[in-house]
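In what follows, a single structure is set out as structure tokens and then discussed.
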Amino acid sequence: MALGSFHPSVNQPASASDVLIAGAGIIGLSLALELHARGARVLVLERDTALAHASISAAGMLAVHDPHNPPALLPLSEFSAQFYPAFLARIEKLSSITVPFHTDTTLQYSSGSITRFAEHSLDPRQLAAALLAAARAAGIELREHTEFHPASALSGQVIVYTTGAWAPHDLKHSFPIRPRKGQMLRVRLPPALYGLCEVHRGDEIYIVPRTLDPQAGTALIGATVEDAGFDTSTHPRDLTHLRALAAALLPALSDESAAPQLEAWAGLRPHTPDRLPILGPLAPGSRHFIATGHYRNGILLAPATAVLLADLIEAKPPILNLTPFSPSRFSPS
Ligand code: GLY
């Protein structure tokens with residue numbers, strides 16, 4: 001990773017910030033930290049509050065080997081997973097907050113067999129708290145409850161849209177990004193599952209134990225995949241169905257008195273038609289970039305996205321082939 005002086009690829013006018021990032025989710029703030037480490041002045045605008053949506057709704061699996069992932073995602077996923085320890089170390093250095101991995105193994109159930117993967121999971125709420133503290137400690141300017149308007153950007157300023165499922169108004173018709181709702185619940189682990197320390201994942205269900213405080217001894221059960229617009233309500237019927245799917249893998253979870261529900265919520269994944277992220281300039285040579293569409297893997301892909309976007313902004317050759325993620329793949333040819 002290149003650190004040191006920031007070299008935008010074109011001369012910038014004198015301005016308060018070199019780069020304006022629209023959207024303070026995990027992608028936007030991870031990119032802000034990366035650019036800041038390279039010497040850029042960064043301003044992050046957030047229409048709501050920072051890290052309030054998908055970034056804290058996820059289960060936190062770094063699911064490199066999830067069979068649901070399109071094959072074209074694998075190189076990006078592997079790169080991001082390798083980079084995670086350095087990403088967390090940077091956050092810890094700035095924030096003095098350690099974000100631990102809760103699990104190191106995933107058992108993947110598929111067609112009657114179980115495959116063991118070396119994959120980590122973490123608690124996205126712990127990551128969000130540390131990332132925000134790191135951004136603040138770095139002096140990155142963050143303006144919450146502030147809508148981004150292209151007209152307010154300075155001429156020549158680099159703009160990056162990291163708006164998750166909320167496609168920016170002026171780009172709505174160019175990029176087919178849609179929310180995909182995921183409901184999830186967290187339960188206390190029943191005595192039969194005390195000490196559970198691996199993720200159990202099937203085709204439609206995952207069980208992600210929290211092994212460390214403050215949620216040690218509990219597990220997440222997720223998640224639905226729904227085309228429901230921006231609705232984030234949860235429904236007992238759907239949560240019951242998730243629990244039944246989980247109990248097919250770990251039967252002790254069926255007992256609601258031994259494994260009571262502690263909370264339930266729903267998040268909105270930024271979905272694209274090919275389930276791949278959109279990473280790059282809005283048009284060839286443009287100083288306006290987009291980094292969204294991470295769908296089910298925003299937590300996993302944040303470190304790689306930050307490095308790759310920062311390289312693109314500095315006009316450095318990307319270290320991975322970004323063709324599968326090109327924003328232009330949705331343009332009429
Ligand atoms: N990241 C897991 C999910 O989207 O349900």
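The values are calculated or read from the model by the stated rules, or taken from the named source; none is laboratory data. As the structure is a computational prediction, the values presented were derived from the model and not from experiment. Note that each Cβ is placed from the backbone with ideal geometry, even for glycine, and that neighbours are counted across all protein chains shown.
Worth pointing out:
- Flag for Ser155 being in the same structural domain as Glu34 (by TED's automatic domain parsing) and either surrounded by 15 or more Cβ atoms within 10 Å (Cβ to Cβ) or at pLDDT below 95 (or both): yes
- Residue list for the stretch 152-182, filter: at negative phi and within 16 Å of the ligand (Cβ to nearest atom): Ala165, Ile177, Arg178, Pro179, Arg180, Lys181, Gly182
- Selection status of Thr218, at pLDDT 95 or above and under 23 Å from Ser55 (Cα atoms): yes
- Where Asp203 falls short, out of the listed (1) in a strand (DSSP E or B); (2) surrounded by fewer than 22 Cβ atoms within 10 Å (Cβ to Cβ); (3) within 16 Å of the ligand (Cβ to nearest atom); (4) more than 19 Å from the chain's Cα centre (by Cα): (1)
- Residue in the stretch 41-54 that is touching a His at 6+ places or on another chain (Cβ under 9 Å) and among the small types (Gly, Ala, Ser) present: yes
- For the stretch 211-248, filtering for residues that are in a helix (DSSP H, G or I) and within 16 Å of Val187 (Cβ to Cβ) leaves 12.
- Odd one out for Ala223, checked against (1) loosely packed, with under 13 Cβ neighbours inside 10 Å; (2) touching a residue at least 60 places away in the same chain (Cβ under 8 Å); (3) within 16 Å of the ligand (Cβ to nearest atom): (1)
- The number of residues in the stretch 261-273 being within 16 Å of the ligand (Cβ to nearest atom) and touching a helix residue (DSSP H, G or I) at 6+ places or on another chain (Cβ under 9 Å) comes to 8.
- Check on His235, assigned by TED's automatic domain parsing to the domain that holds His53, away from the ligand (no atom under 16 Å from the Cβ) and surrounded by fewer than 17 Cβ atoms within 10 Å (Cβ to Cβ): no
- Wholly enclosed helices (runs of 4 or more DSSP H) of the stretch 1-111 bearing at least 2 residues modelled with pLDDT of 95 or more and surrounded by fewer than 22 Cβ atoms within 10 Å (Cβ to Cβ): 26-37, 74-95
- The requirement of being under 15 Å from Ile207 (Cα atoms), among the aliphatic types (A, V, I, L, M) and surrounded by fewer than 16 Cβ atoms within 10 Å (Cβ to Cβ) is fulfilled somewhere in the stretch 114-130, by at least one residue.
- Any hit, the stretch 139-151, residues being within 25 Å of Ala244 (Cα to Cα), more than 14 Å from the ligand (Cβ to nearest atom) and free of Cβ contacts under 8 Å to residues at least 24 places away in the same chain: no
- Checked against the criterion of being within 16 Å of the ligand (Cβ to nearest atom), among the aliphatic types (A, V, I, L, M) and in the same structural domain as Pro277 (by TED's automatic domain parsing), the candidates Leu33, Leu29, Leu43, Leu76 yield just one match: Leu76.
- The condition (being farther than 16 Å from Leu279 by Cα, out of contact with any strand residue (DSSP E or B) (no Cβ under 8 Å at 6 or more places or on another chain) and crowded, with 17+ Cβ neighbours inside 10 Å) is satisfied by just one residue among Pro190, Pro209, Pro179: Pro190.
- Single residue of Ala266, Ala306, Ala302 found to be surrounded by fewer than 24 Cβ atoms within 10 Å (Cβ to Cβ) and small (Gly, Ala, Ser): Ala266
- Inspection of the stretch 286-308 finds a residue satisfying the criterion of being more than 16 Å from the ligand (Cβ to nearest atom), in the same structural domain as Ala165 (by TED's automatic domain parsing), part of a loop (DSSP other than H, G, I, E, B) and more than 24 Å from the chain's Cα centre (by Cα).
- Whichever residue in the stretch 79-110 is more than 17 Å from Arg125 (Cβ to Cβ) and of a type in the set (D, E, K, R) and, among such residues, is nearest to the ligand (Cβ to nearest atom): Asp104
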